[in-house]
Structure formats: C-alpha cells, structure tokens
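Following: one structure in structure tokens, then a few remarks.
The values are calculated or read from the model by the stated rules, or taken from the named source; none is laboratory data. None of the values given here were measured: they were computed from a predicted structure. As a convention, Cβ positions derive from the backbone with ideal geometry for all residues, glycine included, and neighbour counts pool all protein chains shown. The area values use the complete protein model at the heavy-atom level, side chains included, leaving out ligands, DNA and RNA. Shrake-Rupley method; radii C 1.70, N 1.55, O 1.52, S 1.80 Å.
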Amino acid sequence: MRIGRSFALVGAAALLVGACTAPDASEVARQPQPGIAELSTGELQSRWWSWAASSPEDSNPVTDPDGSFCAQNQPTDAWFLAGTFGGKAERRCSIPAERPVVFPLLNFTGTKAECSARLAEAKGTVRLGTAEVAVERIEPTPIRITGVEGNPVTGQAGSLATHGCGLWVRLGPVPVGTASLTIEGSAGSFSLSVTYNLQVA
C-alpha cells in the first residue's frame, strides 16, 4: 500500500485503511450501475478509484505518458479519464460516441479530516475547447478501492476502505469529432496540468 504519495486525478494519498478480499478491480470498475449523473458521490469515487487501481503501474492510465493506456479497463456506461501524480502530461485518447466522460480534477483519499484539509486548498479549471466546464466539489465520503497487485494507487491487490473527496467533472457525451480537454489544478505545493486530445467516433 502506498502511504503519503501525493497525486491528483489520483488524489493526495494519505492513509488508506482496511482490507479484505475481492482483488478483481477490472470487474468491479465495469459493473453495470445507475446513470453516471445519478450515482452517489461515494459510488462515483469508488468506481473511478477502482478503475485507476485496476492496472499495474507500467500500463496504468495515471502513469500514461501519451494516452496509450486511455482505453484500459474502461466501464461500459462511461469513459473515465485520469490525471497525473503531479506535473504535466499530454495524451491522445479515442472515445466512443455517446459515452459520458467522468474524471476528477483533483482528488484525495485519507481520513475524513485529512481529506477535508486537502480539499480546502484545492482549486483549478477544466476547459473543453475554449469553454469552461462546471466542476463538482465532493466533500469527504466513505469509499472502497479495489485494486490489483502493483497498481500505483494502493500498491497491492485487494480492497481498501477510506474517505475520498475532490473536484470532479461529470461531462455529458462529447460531440463526434476532435476536441481538446485541458485540466489544470493545484492544492498547496501540488499542481498538475493535463491536456487530452480527444477523438470521438
């Protein structure tokens, strides 16, 4: 388990606590769910975090330098995007038409108090082309992350209970064609800037 590693869009990891079985994160991330817009904040975060933990570090969408792993373990009812563990990235990503796009701008895990403290510092913007996208602020919520061995989120296989919070975007389907999605955020000394060159077909 990774403790104390700061990241966003895979947020600032504090103490992930608790463990049990069920290590098949790819199946958890793909489970049919209510519409993305109707998911509770706990369900939304649990699904995204489990997706981010469903691949080992060398083929993970969060550590992806150019978008090669953008389609890794995607669910059937949405398209998840990832940020970085800090710094800049530019990625190309092909997305099926009519698929809602969901991602955190900045997200954090830890105790309720730790999450609240990091969230208080969080700020940022998201733009699709030249249009600014509305950001949803999610207060600390109990979540469960299920990952595979060697993933860069928890570092181990199994399921972990913690709190999640952050700045999130639930974007409706992006029109067919090409689009640029720019994500910029910071919290304290942490910052990131990610550009996705999207191809929707």
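Points worth noting:
- Backbone N atoms of the stretch 76-100 closer than 13 Å to the 7 Å Cα→Cβ label point of Ala201 belong to residues 93-97.
- Rough spin-label spacing in nm, given labels placed 7 Å along Cα→Cβ, for Arg127 and Glu139: 3.2
- Computed over protein heavy atoms with a 1.4 Å probe, the accessible surface of the stretch 160-201 works out to 35 Å² per residue.
- Nearest-10 value in Å² for the accessible area of Glu121, using the 1.4 Å probe: 90
- Loop-resident sites, the stretch 126-201, for trypsin sites (Lys or Arg not before Pro), counting at most 15 other Cβ within 10 Å (DSSP): none
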